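Coordinate-derived values only; no laboratory data. Just so we're clear, the structure is a prediction, and the values are computed from it rather than from any experiment. Cβ coordinates were reconstructed from backbone atoms using ideal geometry, including for glycine residues, and neighbour counts include every protein chain displayed.
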Amino acid sequence: MGLKDDVLKRLEESRGIPVSGEELAQELSVTRAGIWKAVKSLRKEGFDIKATTNSGYMLSLTDDKLSREGIEAGLRTAGFKDACEIEVYDSVDSTQNVGKKLVSEHPLSHALITANSQTKGRGRYGKSFYSPEDTGIYMSLCIRVEKPIENFLSITFATAVAVSRVIERHSQKKAEIKWVNDIWIEGRKSTGILTEAVSDMESGMLGYVIIGIGMNLRTRDFPEDVRDIAFSIDDMDICRSRLIGEIAAEVFEVAKDPDSLEVYEEYKRRSLVLGRDIYWMSGGERLTGRAVDINRAGNLVVDTSEGQVILNSGEVSIRPL
């Protein structure tokens, strides 16, 4: 780390509280002129650092520029103490693509990739995820997993629960989960989750899971095809970097035991579809029924006029009242 990174880390630790230039210089064993140059450089990068003659330097509470230092602070706040590779970008095609490349080149237990925008953000079933700059969270978590491939769906469920917990920790909104893994608030989609596996087909074991999380925070001008269903969580009381760190810590924790009864029961309590009439497509035909349960394998149990149907994949929609 260079002096600029050290200064940012120290200011992030005391965010909202001034730290004198003299104190920073003593802690980092440099001159006050060196501290000033580092602060000037950080300001040029877009960090909102205030300076007063009698108080010193302060990273504004409202500063929302992504940084490794802010993410590390979020991880620490949430109690995560393991090693984690963190990569922060201004823009990428997709954080999922960066994550896949990373785990193919380096053996890591935990990694976090995030970007201020994506040019080709990916959702499920080949759909895109709208990712404009400055207004959302676009991140991927890479987790080394030594579990059978059939545990894949449970990790997706656990992630949805983890993200919902963090949302409600910092927002007054209620987070609900639309099977399989979209998070909805007030009847619209706020967050999409895409889980992909890097597995050993011969052994039947997962190697890595790469979990993409896209969350709308202050996005207003959505594309026409999602305008009616997209929702932005605009009352968060936390900056994006720290929010990303807290989300990562929560997901890393539930991924240790994604099949736990606690996670399963919470997923069902948060379900947006249970007890609702739904429809889905199968072989080009629109089918309807009522969602009555989610079994331990993660399948959706649906009562239809032709009998009970078990859905293990696909996308369902809630029928309007």
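A few remarks follow.
- Pairs of lysine residues in segment 3-59 - Cα separation under 13 Å, sequence separation of 8 or more or cross-chain: 4
- Radius 9 Å from Cβ of I278, net charge of other residues (Lys, Arg +1; Asp, Glu -1): +2
- Scalar couplings 3J(HN,Hα) for segment 37-50, obtained by applying the Karplus form with A = 6.51, B = -1.76, C = 1.60 to θ = phi - 60°, are 4, 5, 5, 4, 5, 5, 4, 4, 7, x, 6, 8, 10, 8 Hz; x denotes Gly and Pro.
- Computed lengthening from D234 to I149, 0.36 nm per intervening residue step minus Cα-Cα distance: 26.9 nm
- Amide N proximity, segment 60-99 versus D5 label position 7 Å along Cα-to-Cβ, cut-off under 19 Å: 65-76, 81-91
- Peptides 187-199, 101-113, 236-248, 296-308 ordered by packing proxy, namely the average of other Cβ atoms within 10 Å per residue, highest first: 236-248, 187-199, 101-113, 296-308.
- Across segment 217-271, the volume of the C-alpha convex hull divided among the residues equals 133 Å³ per residue.
- A Förster distance of 51 Å, applied to the separation of the beta-carbon atoms of S317 and A83, puts the FRET efficiency at 0.75.
- Between D259 and E285, the contour length at 0.36 nm per residue exceeds the alpha carbon distance by 6.0 nm.
- Taking 0.36 nm per residue of separation and subtracting the Cα-Cα distance, full extension of the segment from K44 to K174 would add 43.0 nm.
- Cα-based helix-to-principal-axis angle, 3-13 vs the chain, degrees rounded to 10: 60
- 222 nm mean residue ellipticity, helices alone, for the chain (DSSP H n ≥ 4; -39,500 (n - 2.57); rounded to 500): -9500 deg cm²/dmol
- For segment 103-120, 3J(HN,Hα) per residue [Karplus equation, 6.51 cos²θ - 1.76 cosθ + 1.60, θ = phi - 60°, Hz, x = Gly/Pro]: 6, 6, 9, 9, x, 10, 7, 9, 9, 9, 10, 9, 9, 6, 7, 10, 8, 9
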